[in-house]
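Below is one structure, written out as structure tokens; comments come after it.
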Amino acid sequence: MALWQLIRAGGFTMYILLLFSILSFAIIIERYLYYRGRSKVKRETFMMGIAKECKKGDVKKALEICKNIDTPFSAVTSSGLNLYGHNEVFISNTMERQITVETARLERFTSIVGTIGSTAVYIGLFGTVLGIMRAFHDISKGGSGGINVVINGISEALVCTAAGLCVAVPAVIAYNYFIKKVDSFITDMELCASETMDLLNIRPR
């Protein structure tokens with residue numbers, strides 16, 4: 001069967017799954033490019049440059065390094081360096097808030113992919129049940145039909161289950177990847193915040 005015939009055979013649930021598939025893949029591509037663009041610089045290399053400038057006492061130069069690197073941990077480090085000379089607790093709280101902001105940006109749209117991954121299979125099963133019910137209804141209404149008619153109706157109904165699996169599996173894999181990637185970014189941000197506090201060597205007033 002052609003793709004359009006499969007969609008028509010599955011009924012309205014196939015249109016829902018098709019919409020979910022388009023939405024899921026759009027988010028997967030967007031998030032992948034977003035994470036990739038912010039993973040070009042390693043935290044260790046970045047902090048070596050920051051440490052070098054801070055040891056010289058050149059905080060402005062360290063801030064310039066942060067501005068030239070578009071990563072979550074550079075934003076956290078920058079928020080701390082901007083408050084150089086302030087109270088340690090104040091700087092620490094500022095960086096914690098920045099970590100929260102960056103985490104929200106990293107997690108953007110990921111819950112949608114997770115929801116699609118967990119519900120697509122059930123929507124497919126729902127479409128299969130409706131398809132089987134429709135097939136038996138048509139047989140009983142027509143008053144005739146053999147095993148071939150039954151098998152044909154059920155095979156068309158099972159298209160929904162297959163479609164649900166095709167949508168759910170990539171979404172679940174992508175969601176797990178997103179969670180792991182976000183956790184990695186959070187770890188880097190927390191380490192950078194801790195290292196920045198040590199480099200500033202701030203004493204409470």
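Taken about its Cα centre, the chain carries a charge dipole of about 360 debye when Lys and Arg each add +1 at the Cβ and Asp and Glu each add -1 at the Cβ.
If packing is taken as the mean number of other Cβ atoms within 10 Å per residue, what is the order of 40-50, 93-103, highest first?
Numbers: 40-50: 15.0, 93-103: 16.8.
Descending packing order for the listed peptides: 93-103, 40-50.
Between Val169 and Ala51, what FRET efficiency comes out of the Förster formula 1/(1 + (r/R0)^6) with R0 = 35 Å and r the beta carbon distance, rounded to 0.05?
Working: r = 44 Å, r/R0 = 1.26.
Efficiency for this residue pair is about 0.20.
Mind checking the angle between helix 72-81 and the chain's longest principal axis? C-alpha axes, 0 to 90 degrees, to the nearest 10. Once rounded, one gets 30 degrees. Computed over the Cα atoms of the chain, pair by distinct pair, the Kirkwood hydrodynamic radius stands at 20.5 angstrom.
The distance between label points at Asn68 and Leu23 comes to 4.3 nm (points 7 Å beyond Cα on the Cα→Cβ vector).
Bridgeable aspartates and glutamates around Lys180 (alpha carbons under 14 Å apart, same-chain partners fewer than 8 residues away excluded): Glu107, Asp188. For the stretch 1-123, the pair-distance distribution built from all alpha carbon pairs, in bins 10 Å wide starting at 0, is 11, 29, 22, 15, 12, 8, 3, 0 percent. Each residue, Ser39 and Ser118, gets one label point 7 Å from its Cα in the Cβ direction; the gap between the two is 2.4 nm.
If I stretch the segment between Arg105 and Ser184 completely, what's the gain in nm (0.36 nm per residue apart, minus their alpha carbon distance), one decimal? Each step should come with its number before you reach the end.
Numbers: separation 79, 0.36 × 79 = 28.44 nm, distance 1.41 nm.
Length gained, Arg105 through Ser184: 27.0 nm.
Here, each number is a calculation from the coordinates, and none is a lab measurement. A quick note: this is a predicted structure, and the numbers were derived from the prediction, not measured. With ideal geometry, Cβ positions are generated from the backbone for all residues, glycine too; neighbour counts draw on all protein chains shown.
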